[in-house]
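First the structure, in the form of structure tokens, and then the observations on it.
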Amino acid sequence: MKVIVLGAGIVGVTSAYQLAKSGHEVMVVDRQTGPALETSFANAGEVSFGYCSPWAAPGIPAKAMKWLFMKHAPLILRPKLDMAMLSWMARMLSNCTSERYAINKSRMLRLADYSRIALADLRAETGIAYDERMQGTLQLFRTQQQLEASAKDVKALAADGIPYEVLNRDGCIRFEPALKHVRDKIVGGLLTPKDETGDCFKFTNALAAKAEALGVRFAYDTTIKALDVEAGRVRGVITDRERMSADAVVVALGSYSPLLLKPFGIKLPVYPVKGYSLTIPITDATRAPESTVMDETFKIAITRLGDRIRVGGMAEISGYTNDLGFARRSTLEHSVTDLFPGGDVSKASFWSGLRPMTPDGTPVIGPTKISGLFLNTGHGTLGWTMSTGSARLISDLVGGRTPEIDARDLAINRYG
């Protein structure tokens, strides 16, 4: 078939690559001048097959109220008269129950573990290098209360057969030797050893080149105006340059997906939640992380990417704004210098991106009520982690094949 993929971020490019491998004629359309120039550009660098949880969790409403008054808050809320924001927040709150958390986390772990296999296969077949490391994620607890609260995550990991290890202070330092300089600030951690790290921007650009070699065409610097739908079937895409015809269209536009779909009565509950990052050159390797350390107190990931440290996190609900605030940079600097003192944050580059979040934390992958129109979006903070598995799923679904894992509860019809 002739397939158009909308979006050249990590999810769009991996989708295009898999579709081309399956024999389709593929075109990727993006408004930017190249791949991975928005949310995929400078994300946290985590590939978190084990450390993946919905933001909607028991106790989050109470924590959110406390966070709003913290100087270095993981959550920033800028409320406005925006029905999409208010509806999304109400749906998210409805998912903050033990029952919903267990269901949503199980979905996420299923897709993440599938992506672990898919990424290993893709790496073996392409030889792509992207500052990758396979040394795991350490969720670091500064308080005994945080350590005890991790029991629900341990239960979910065990239920899905995901390897993990609960560590005391000394165990954390064995895993991340640089933490010996701040041993009095930590009580323990949860290690997910199958997790990886890597530069999403480097990976996406390298894979885009591999996709081009398979015949994928990329239409950059092209604005998508609308879908071309006739008699309940997608016929192509209308851009600011031309009308492009297709047998199938895959929407992988992240936070902007709902805006394209709304005129066709498709109510996709994806909303932008802004995240921030710093990229810091390493000046002393003995004081830098070896892999990813997730600072549970501030919900900030500190990741080794070659000769750099990527510090990423926070969730700012403020609509489609992408401004850089000094207070957000201050929080990132505080977390990394508190756990890994000695780095020169004055040389850091500061960035923000809009994560496409669903109320339940699970991406939306699958067909829509419009024949030939498919979605691969809403991955939130885990687009890098889930991209390769999501690409396999969407390729199978577009091609009419039964996916290797159950994808029925990832489709948009789960929202009714």
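Between residue 134 and residue 230, the C-beta separation translates, for a Förster distance of 60 Å, into a calculated FRET efficiency of about 0.80.
In degrees, nearest 10, range 0 to 90: what is the angle between the Cα axis of helix 383-398 and the longest Cα principal axis of the chain? Taking the Cα atoms of the chain, the angle to 383-398 is about 30 degrees. When the listed pairs 2/225; 152/202; 105/267 are checked against a 30 Å cut-off, the alpha-carbon distance exceeds it for 152/202. Running a GNM on the chain with Cα contacts under 10 Å, which residue among 131, 360, 113 ends up with the highest mean-square fluctuation? Result for the chain, Cα springs under 10 Å: 131 fluctuates most.
Entry note, the chain: the mean residue ellipticity at 222 nm calculated from DSSP H runs of n ≥ 4, each adding -39500 (n - 2.57), is -10000 deg cm²/dmol after division by the residues and rounding to the nearest 500. Coordinate range of the alpha-carbon atoms in region 1-148 per principal axis, descending: 50, 41, 31 Å. For the peptides 288-301, 399-412, 307-320, 203-216, the ranking by mean Cβ contacts within 10 Å, running from highest to lowest, is 288-301, 307-320, 203-216, 399-412. Using a simple spin-label model with pseudo-atoms 7 Å out from Cα toward Cβ, residue 77 and residue 212 lie 4.6 nm apart.
Under the criterion of Cα pairs below 8 Å and six or more residues apart, the relative contact order for the chain equals 27 percent.
Dipole of the chain computed with +1 at Lys/Arg Cβ and -1 at Asp/Glu Cβ about the Cα centre; of 67, 330, 379, farthest Cα towards the positive end is 67. Model label sites at residue 259 and residue 369, defined 7 Å from Cα along the beta-carbon direction, differ in position by 2.3 nm. Length gained on full extension, residue 158 to residue 326, computed as 0.36 nm times the residue gap minus the Cα-Cα distance: 56.5 nm. Peptides 189-198, 145-154, 18-27 ranked from most to least packed by the mean count of surrounding Cβ atoms within 10 Å: 189-198, 18-27, 145-154.
Placing unit charges on the Cβ atoms only, positive for Lys and Arg and negative for Asp and Glu, gives the chain a dipole magnitude near 820 debye about its Cα centre.
At 1.4 Å probe radius, can you tell me the per residue accessible area of region 250-395 in Å²?
28 Å²
Relative to the longest principal axis of the Cα atoms of the chain, the long axis of helix 98-126 makes an angle of roughly 80 degrees. Given 25 °C and 0.890 mPa s, compute D for the chain with the Stokes-Einstein relation, Rh being the Kirkwood radius over Cα pairs; round to the nearest whole µm²/s. The diffusion coefficient I find is 114 µm²/s. Legend: calculated FRET efficiency, residue 180 to residue 307, from the Cβ-Cβ distance at R0 = 25 Å, rounded to 0.05, equals 0.70. Extension gain, residue 247-residue 99: 0.36 nm per intervening residue step, less the Cα-Cα distance, totals 49.3 nm. Distance cut-off 26 Å, Cα to Cα: go down the list 274/347; 155/274; 194/299 and report the pairs above it. From 274/347; 155/274; 194/299, over 26 Å: 155/274.
The values are calculated or read from the model by the stated rules, or taken from the named source; none is laboratory data. Here the structure is a predicted model, which is why all the values come from computation and not from measurement. Cβ sites come from the backbone with ideal geometry, for glycine too, and all protein chains shown count toward neighbours. Note: areas computed on protein heavy atoms with side chains; ligands, DNA, RNA excluded. Shrake-Rupley method; radii C 1.70, N 1.55, O 1.52, S 1.80 Å.
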